[in-house]
Amino acid sequence: MDIAVLSRLFSNYFHQAPDHILALPQAGSDRKYFRIFNSKDKAIGTESDDIQENKIFIHLARHFKSKGIRVPEVYAVSEDGRHYIQEDLGGLALFDLVKGQPFSNEVEHLYQSVLKELIKLQIDGAEDFDFSICYPVQVFDRTSMFWDLNSFKYYFVRPLRVSFHESSLQKEFHLLTQWLLEEPHQYFMMRDCQARNIMMKGNIPYFIDFQGGRKGALQYDVASLLWQAGAEIPMEKRQHLLEFYIQNVHERIPNLDVQAFRSRYYGFLLIRILQVLGAYGFRGLFEGRSHFIKSIIPALKNVDWFMKNVSLPIELPEIYKILSILVQHKRFQVEEWQSAPKILKVSVNSFSFKRAYPEDSTGNGGGYVIDCRGIHNPGRYEQYKSLTGKDIEVINFFKSQSRIDEFLESIYKTIDLSIQDYLVRGFEHLQINFGCTGGQHRSVYCAEAVKKYIEEKYQLNVELHHIEQELKGNFI
């Protein structure tokens, strides 16, 4: 992680250095995001080693801007292509307005405004656009569909030991993709059109995270948006919004075959549902991220409704058989989750070895005490003596003049073993303590880094205390 590059891009663009650079939580990708700001200006910084993906995002953002489509403006890009800064749209996503809330008329109107903007993205965004630069693939073709279908098979169905007839399933995959490819697909397909990727600036929607877009049919994105498992839009509202979308598409495409469009919409919905289950299986069942495991239950509710209410013009008995088994799978029944063990609580502390080790408030004696004193100490230098491990100057020191991140990588692997085991066995508490000479620089930095790592990977709440600093009245 090299936030110095992002700081330099910000300073060059706004002609003033940032006061703060705050790391933002990661989602399902390896990209790292930062909120960068001072008293006057703000931006979002991105760091990613996938330079080709960065290029397509930047190219698309500028192309969409030229078409009047609402996306963040890209301000500046580093020479190596690994870093860029863009417009900060705030912290409110459409998902934040719908998760766990009644689906009010106001929220429905917001979705209608999103659907209108989505049509612009899909139709206007495709005009004069060279799809050959899309990454990792150029079009949502048979190969792309099979990636999604096989992801469902290998990352979700097989780990749950659901039996199926391999040959029959493959034949149905071919039948489904062949039917869907009959739909016109010269439009821009965002690919991951969901409420977390739509930021609300005021009541105006902006699309983000569209770098995986490609040429495709219109129905996939609207199915992705309206059937996002976590948003849990009421079924009646989904139908209303679908008809609103079809009506607005028809205005743009007068010769639209509405009946065929609506029929294939449900085919694209099916392939999206299977893709989502594959993604949840990989992130949840394989990587152990609890957020994705919990999302499987509402996703299977979508499956249940689909099977009871949708009749496709093609026969898919093997797929339906597998889905019937999954809907009834014991592991994902609500009762199983309600009776599950309590969520693991993790406490992370920084402290000074000049005092006693941190107390174990649980009385179980479990956890780690990790010595950071082997790391090059910025506290030996006058310019850092009044600072802590949270200050950007100290962070830059660690990045350029120590091996602290290499040290932390070994810590991550160690605590992974305990956290994953504790989650399986139902343990309720884990304590991780980082000590250094003064409890000010190295231990603080490490405690902050580990807190962030655990929250992002396991979606657990972490209680953090900088014991020495709190004793001195420095609540950093």
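The values are calculated or read from the model by the stated rules, or taken from the named source; none is laboratory data. Predicted model only: the values in this text are computed from it and were never measured. Methodologically, a virtual Cβ is constructed for each residue, glycine included, from the backbone with ideal geometry; neighbour enumeration extends over all protein chains shown.
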Inset, instruction - Check Leu94 against each of (1) over 22 Å from Glu236 (Cα atoms); (2) touching a strand residue (DSSP E or B) at 6+ places or on another chain (Cβ under 6 Å); (3) not charged (D, E, K, R) and name the one condition it does not meet. - result: (1)
Legend entry - Filtered residue count, region 298-317, keeping only those that are basic (Lys, Arg) and surrounded by 14 or more Cβ atoms within 10 Å (Cβ to Cβ): 1
Inset, instruction - Could you please find all residues in region 282-297 being within 22 Å of Lys99 (Cβ to Cβ) and surrounded by 18 or more Cβ atoms within 10 Å (Cβ to Cβ)? - result: Arg283, Gly284, Arg289, Phe292, Ile293, Ser295, Ile296
Legend entry - Residue count for region 1-53, restricted to those that are in contact (Cβ under 8 Å) with a residue 60 or more places away in the chain, in contact with a His (Cβ under 8 Å, 6 or more places away or on another chain) and among the hydrophobic types (A, V, I, L, M, F, W, C): 3
Inset, instruction - Search region 103-114 for residues that are farther than 11 Å from Pro234 by Cβ and assigned by TED's automatic domain parsing to the domain that holds Gly202 and pair each with any residue that is not in a helix (DSSP H, G or I) and not aliphatic (A, V, I, L, M) when their beta-carbon atoms are under 8 Å apart and the residues are at least 6 apart or on different chains. - result: Leu110/Asn203; Leu110/Pro205; Ser113/Asn203; Ser113/Pro205; Val114/Pro205
Inset, instruction - Take the residues in region 266-297 that are within 16 Å of the chain's Cα centre (by Cα) and of a type in the set (Gly, Ala, Ser), then tell me which one is farthest from Trp147 (Cα to Cα). - result: Ser290
Inset, instruction - Residues being part of a helix (DSSP H, G or I) and touching a Cys at 6+ places or on another chain (Cβ under 9 Å): count how many of those fall in region 425-446. - result: 5
Inset, instruction - Among what's in region 64-73 and is in contact (Cβ under 8 Å) with a residue 40 or more places away in the chain and in a loop (DSSP other than H, G, I, E, B), pick the residue that is surrounded by the most Cβ atoms within 10 Å (Cβ to Cβ). - result: Val71
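Report whether or not Pro358 is at pLDDT below 90 and either out of contact with any strand residue (DSSP E or B) (no Cβ under 6 Å at 6 or more places or on another chain) or surrounded by 14 or more Cβ atoms within 10 Å (Cβ to Cβ) (or both). So that I can check it myself, show each step before the final result.
Numbers: at pLDDT below 90: yes; either out of contact with any strand residue (DSSP E or B) (no Cβ under 6 Å at 6 or more places or on another chain) or surrounded by 14 or more Cβ atoms within 10 Å (Cβ to Cβ) (or both): yes.
Considered against the rule, which asks whether it is at pLDDT below 90 and either out of contact with any strand residue (DSSP E or B) (no Cβ under 6 Å at 6 or more places or on another chain) or surrounded by 14 or more Cβ atoms within 10 Å (Cβ to Cβ) (or both), Pro358 comes out as yes.
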Inset, instruction - Within region 121-132, track down each residue that is part of a helix (DSSP H, G or I) and either touching a Leu at 6+ places or on another chain (Cβ under 9 Å) or surrounded by 15 or more Cβ atoms within 10 Å (Cβ to Cβ) (or both). - result: Leu121, Gln122, Ile123, Asp124, Gly125, Ala126, Phe131
Inset, instruction - Considering each of Ser132, Ser144 in turn, give the residue that is of a type in the set (Ser, Thr, Tyr) and without any contact (Cβ under 8 Å) to a residue 12 or more places away in the chain. - result: Ser132
Legend entry - Unique residue being among the basic types (Lys, Arg) and either closer than 22 Å to Lys55 by Cβ or at pLDDT below 90 (or both) when the list is Lys116, Lys99: Lys99
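Please specify each residue of region 138-151 satisfying the condition of being under 23 Å from Ser66 (Cα atoms) and either touching a helix residue (DSSP H, G or I) at 6+ places or on another chain (Cβ under 6 Å) or loosely packed, with under 15 Cβ neighbours inside 10 Å (or both).
Gln138 - this is the single residue of region 138-151 that is under 23 Å from Ser66 (Cα atoms) and either touching a helix residue (DSSP H, G or I) at 6+ places or on another chain (Cβ under 6 Å) or loosely packed, with under 15 Cβ neighbours inside 10 Å (or both).
Yes/no per residue for (1) surrounded by 19 or more Cβ atoms within 10 Å (Cβ to Cβ); (2) among the polar types (S, T, N, Q); (3) over 30 Å from His291 (Cα atoms); (4) not assigned by TED's automatic domain parsing to the domain that holds Val394:
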{"residue": "Asn12", "(1), (2), (3), (4)": "no, yes, yes, yes"}
{"residue": "Ala23", "(1), (2), (3), (4)": "no, no, no, yes"}
{"residue": "Arg35", "(1), (2), (3), (4)": "no, no, no, yes"}
{"residue": "Ser39", "(1), (2), (3), (4)": "no, yes, yes, yes"}
{"residue": "Asn54", "(1), (2), (3), (4)": "yes, yes, no, yes"}
{"residue": "Ile58", "(1), (2), (3), (4)": "no, no, no, yes"}
Legend entry - Options Ala17, Ala23, Ala61, Ala76: the member that is at pLDDT 95 or above, outside any helix (DSSP H, G or I) and touching a strand residue (DSSP E or B) at 6+ places or on another chain (Cβ under 8 Å): Ala76
Legend entry - Pair list, Cβ < 8 Å and 6+ apart or interchain, from region 310-324 residues that are in the same structural domain as Leu277 (by TED's automatic domain parsing) to residues that are hydroxyl-bearing (Ser, Thr, Tyr): Val310/Tyr266; Leu312/Ser263; Leu312/Tyr266; Pro313/Ser263; Pro317/Ser168; Glu318/Ser168
Inset, instruction - Quick one: count up the residues across region 362-401 that are part of a loop (DSSP other than H, G, I, E, B), modelled with pLDDT of 90 or more and under 25 Å from Gln431 (Cβ atoms). - result: 8
